[in-house]
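Below is one structure, written out as structure tokens, with a few remarks after it.
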Amino acid sequence: MAQSKGTAKTAESRAHRIRATGRRRKAPPRRRRILTITLCTLVSAVLLGGAGIGYVYFKLNGNLKGVDINAALGRDRPKNVDNGSMDILVLGSDSRAGKNSEYGADEGGARSDTAMIMHVYEGHKKAGVVSIPRDTMIQRPDCTKDGKNVPGSQRAMFNTAYEVGGPACAVKTVESMSGIRMDHFVEVDFTGFKKLIDALGGVDITTSKAINDNSSHLHLPPGKHTLDGEQALGLVRTRHGVPGGDGSDLGRIQLQQTFVKALMNQVKNVGILTNPTKLYNIADTATKAITTDTDLNSVGELTGLAKSLGGIGSENIHMVTLPVTTDRINPDRVQPLTRQSALVWDALRQDKDIPAAA
């Protein structure tokens with residue numbers, strides 16, 4: 001379980017310890033995060049879906065898993081505002097079940113290791129992304145799991161919503177916090193993330209200082225590296241291995257952002273457009289790695305979403321972390337800054353840019 005010990009101010013001042021190198025061109029601006037892994041999936045689905053290969057289409061459809069969020073939550077949700085914008089909750093799961101057991105004991109449930117709300121503005125030319133630290137103390141609403149009621153809590157860590165109630169409870173908790181209805185849900189798990197990086201041939205980064213973290217099995221000296229899936233997962237999970245860091249989830253969020261910048265630089269250079277076999281392997285791996293809401297769990301729906309997001313460049317993605325400060329009761333947790341957080345959610349509800357004051 002992550003323990004945040006720093007404040008929002010500390011997070012702002014913490015320097016990144018890695019930078020993307022890429023192989024043949026400069027890296028894109030530092031404005032991407034783990035959600036871009038999902039976009040890789042969607043782009044791959046578009047390319048393969050458009051190829052007209054019936055078997056491939058059928059095979060990829062069979063890989064996808066869906067959760068009926070609408071049926072689970074019913075009418076107890078924010079109003080569905082039809083203004084051309086779109087909101088997607090993207091989660092990284094830290095389940096230790098099955099193949100993920102090597103990262104710790106299976107305690108009977110998974111938690112949301114990474115959580116972002118992606119708001120696509122009207123016209124689908126730009127997006128805002130809000131990361132929620134997983135150890136943010138929030139008021140968790142009542143949820144339902146497997147037909148049984150899960151009582152809410154006045155004080156709970158954000159990532160426990162997924163643990164006690166699965167994807168539907170995570171969506172309900174985000175909607176309760178933000179007042180914004182989530183149009184879609186996408187989840188990526190540990191094992192799928194590793195395999196996707198390996199299918200891409202690894203990701204190039206440069207570390208300015210050594211990173212050593214026994215907990216995430218990552219040991220990198222200063223210099224250039226091509227990270228395989230195992231190492232990449234260690235990097236996006238590490239909290240303790242970065243010199244000068246405070247071991248908090250806030251620092252890890254910054255590392256994830258920098259890593260995905262390198263990941264996208266790699267995707268642009270792997271030559272998948274001219275290599276059908278590699279393209280298929282990437283799409284096959286990616287579609288196995290994700291779980292979506294039932295409105296997205298087909299190649300056709302993913303294709304449509306990918307096409308609608310195709311006009312958004314990295315320079316048009318504004319990424320922020322939910323404004324937080326040290327929790328008033330537990331210094332190892334954080335709590336939202338009420339006024340600044342309201343500015344974030346109000347802006348997205350009104351389809352406006354997140355103000356600097358937030």
Return a yes/no flag: does the stretch 290-299 have any residue that is part of a helix (DSSP H, G or I), over 16 Å from LEU196 (Cα atoms) and at pLDDT below 90.
yes
Being part of a loop (DSSP other than H, G, I, E, B) and open to solvent by less than 10 Å² (accessible area, probe 1.4 Å) is the filter here; which residues of the stretch 128-170 pass it?
ILE132, PRO133, ASP135, PHE158, ASN159
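Each row is one residue, and each column tells you yes or no for (1) of a type in the set (Val, Ile, Thr); (2) buried (at least 19 other Cβ atoms within 10 Å of the Cβ).
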{"site": "LYS126", "(1), (2)": "no, no"}
{"site": "THR173", "(1), (2)": "yes, yes"}
{"site": "VAL203", "(1), (2)": "yes, yes"}
{"site": "GLY223", "(1), (2)": "no, no"}
{"site": "ARG237", "(1), (2)": "no, yes"}
Within the stretch 281-308, count every residue that is under 12 Å from GLY66 (Cα atoms) and of a type in the set (S, T, N, Q).
6
Would you pick out the residues in the stretch 345-358 that are within 14 Å of VAL120 (Cα to Cα) and not small (Gly, Ala, Ser)?
TRP345, LEU348, ARG349, GLN350, ASP351, LYS352, ASP353, ILE354
Answer residue from the stretch 315-333, given it is of a type in the set (A, V, I, L, M) and over 14 Å from PHE158 (Cα atoms) and is farthest from the chain's Cα centre (by Cα) among those
ILE329
Among the residues of the stretch 315-337 satisfying the criterion of being within 15 Å of VAL130 (Cα to Cα) and surrounded by fewer than 16 Cβ atoms within 10 Å (Cβ to Cβ), which is modelled with the lowest pLDDT?
ASN316
Some residue of the stretch 266-288 being small (Gly, Ala, Ser), at pLDDT below 80, under 27 Å from ASP228 (Cβ atoms) and open to solvent by 20 Å² or more (accessible area, probe 1.4 Å)
yes
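The values are calculated or read from the model by the stated rules, or taken from the named source; none is laboratory data. Quick caveat, the model's predicted, so the values are computed rather than measured. Neighbour counts are summed over all protein chains in view; Cβ atoms, including those assigned to glycine, are modelled from backbone coordinates with ideal geometry. Heads up: the accessible areas ignore ligands, DNA and RNA and are worked out on the full protein's heavy atoms, side chains in. Shrake-Rupley method; radii C 1.70, N 1.55, O 1.52, S 1.80 Å.
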